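Each remark here refers to the structure printed beneath this line.
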Amino acid sequence: QLRKYIHDPSHVIESNHLEVKENLTVAATPVRVEDRMVKQLRRKEIPLVKVIWGGATPESATWELEEKMKASYPFLFASGNFEDEIS
């Protein structure tokens, strides 16, 4: 059963900083790469990076494919932070 919502001013997002697209989505931009791991499948290794996202909402983190992030956001890997961990 649902409970009644109790208003909290910290839940309000200021709309003047919010960039809403035509399809009503909000763009989040990656801030930095926090961590790296390699997911081991049966015959395959999948390199993942933990990305800290910024934007309209408070910072959140997700695991993303390293290859996809390098293609979309090469500036995150410009310093080569995680390349030494592979060898």
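The values are calculated or read from the model by the stated rules, or taken from the named source; none is laboratory data. None of these values were measured; they are calculated from a predicted model. Cβ atoms come from the backbone with ideal geometry, glycine included; neighbour counts cover every protein chain shown.
Here region 21-36 is the region considered, the condition is being aliphatic (A, V, I, L, M) and part of a loop (DSSP other than H, G, I, E, B), and the residue that is surrounded by the most Cβ atoms within 10 Å (Cβ to Cβ) is A28.
From K4, K39, K68, grab the single residue that is part of a helix (DSSP H, G or I) and either at pLDDT 90 or above or among the charged types (D, E, K, R) (or both).
Details: K4 fails: part of a helix (DSSP H, G or I); K39 fails: part of a helix (DSSP H, G or I).
On inspection, the qualifying residue turns out to be K68.
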